[in-house]
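In what follows, a single structure is set out as structure tokens and then discussed.
Throughout, read-outs are computed from the coordinates displayed, never taken from laboratory work. Because the structure is a prediction, the values reported are computed rather than measured. Backbone-built Cβ (ideal geometry, glycine too); neighbour counts: all protein chains shown.
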Amino acid sequence: MEEAQAVVQETAIDIPAEYADAIEKLKWYISKDGENKSQAYAAKKLGISTGLVSNFLKGNYKAWQETARKVNALINITELRAVTEKEPPFKMTSISRHVTNTITYCHLQGKVGVAYGDAGVGKTMAAVEYCKNNPEAVMITTSPCYATITGVNELFADEFKIKECVSRKVFKELVRILTGSNKVLIIDEAQHLTTRVINYIRSISDASHIGIAFIGNEEVYLRMHGAGKTSYAQLFSRIGNKEHLLTEQIKAEDIRLVFEDANLGDESINLLHGISKTNYGLRGAVNVFINTITAFSISDYKDVTAPRLAKMSKSMGIV
């Protein structure tokens, strides 16, 4: 909190030391890292009004105790987050490569594709990375409350700044925007969509000639396949590329790549590889790694050992 001293202003009245300390902390939070956050931003984080923040900082807020408590809690969690181990950065694993290839196919060919399978293998991360590297890629994430045509149209309208509300008008506007745009649409968590909605999104591809990649678990593929029923043939026949991705396909080389910054030994790599091949997937291996560092207060990766990883895995109920 040394930086706080530089931004503290003398208050016009004598106030309790605890109150003055909270003022210093809040001013530090607002100005830390040169971000110059607004009082409104701080108010939102604290769950109070902007006017209350202003009065609190002036040192003339009589009922200061509750706000000071909130300030101390906010500073504590901010400092903890700063030193908490973050997830390893994205790495192009063999699974990620399959997802990227599917999206690339859809993008270049203007076709429909689907990457589906087990949770936690890195499908979403690969899609996010594709969007980072390809400005023309647009990704929306569905959920149960957006499982209808109206729901996905809301997501599309937000993404493309469409003001229409009627579904047919949203569709018409989408086609206008997307035709000739060289974009690709990525629909993540697509298993939440009904077959009718998937078919609606497919029709956007047909009308605009842009590619659409569906990302999700096995349910999305089953809905598109329709158990071989002829009534689903029009939808299923549009799938130009499909990738079935399973935890059992994760390789030890993938684990070594994901955790290469930690330079883990073979025993640790094998343990994390075993975790990744369970229902917890690669996500489970990452969680065990991060939780081990946190629980054992590890500051040097050489202290991440197989016994410690195994103990954490057991405490998490994974193996």
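Within the same chain, aspartates and glutamates fewer than 8 places from Lys58 are excluded, and of the rest, those with a Cα less than 18 Å from its Cα are Glu10, Asp14, Glu18, Asp21, Glu24, Glu66. Each of Met316, Thr294, Asn263 was scored by the projection of its Cα onto the charge dipole of the stretch 238-319, and the greatest displacement toward the positive side belongs to Met316; charges sit on the C-beta of Lys, Arg, Asp and Glu. Of the residues Ile162, Ile239, the one with the fewest other Cβ atoms within 10 Å heads the list, and the complete ranking is Ile239, Ile162. Using θ = phi - 60° in the Karplus curve 6.51 cos²θ - 1.76 cosθ + 1.60, the 3J(HN,Hα) couplings for the stretch 17-23 round to 4, 5, 5, 4, 5, 5, 4 Hz; x is entered for Gly and Pro.
Can you tell me how the chain classifies by the Cα gyration tensor, rounded, prolate or oblate, using a/c under 1.5 as the rounded cut?
Oblate is the answer for the chain, as a/c is 1.5 or above yet b/c matches or exceeds a/b.
In straight-distance terms, cross-link reach from Lys169 covers every one of the aspartates and glutamates whose alpha-carbon lies under 19 Å from its own, apart from those fewer than eight places away in the same chain; here that gives Glu154, Asp158, Glu159, Asp206. Here the Karplus curve 6.51 cos²θ - 1.76 cosθ + 1.60, taken at θ = phi - 60°, turns the phi angles of the stretch 290-298 into couplings of 5, 5, 5, 4, 5, 5, 9, 6, 7 Hz, with x standing for Gly and Pro. Going by neighbour counts of Cβ atoms within 10 Å, the residues Phe289, Phe214 line up, fewest first, as Phe289, Phe214. The lysines whose alpha-carbon is closer than 24 Å to the alpha-carbon of Lys314, local same-chain residues fewer than 8 away aside, are Lys86, Lys251, Lys277, Lys302. Residues whose amide H falls under 5 Å from that of Lys242, counting only those 5 or more places apart or on a different chain, are Val114, with hydrogens built in the peptide plane. Between Gly180, Gly211, Gly110, the Gaussian network model of the chain with springs among Cα atoms under 10 angstrom shows the greatest mean-square fluctuation at Gly180.
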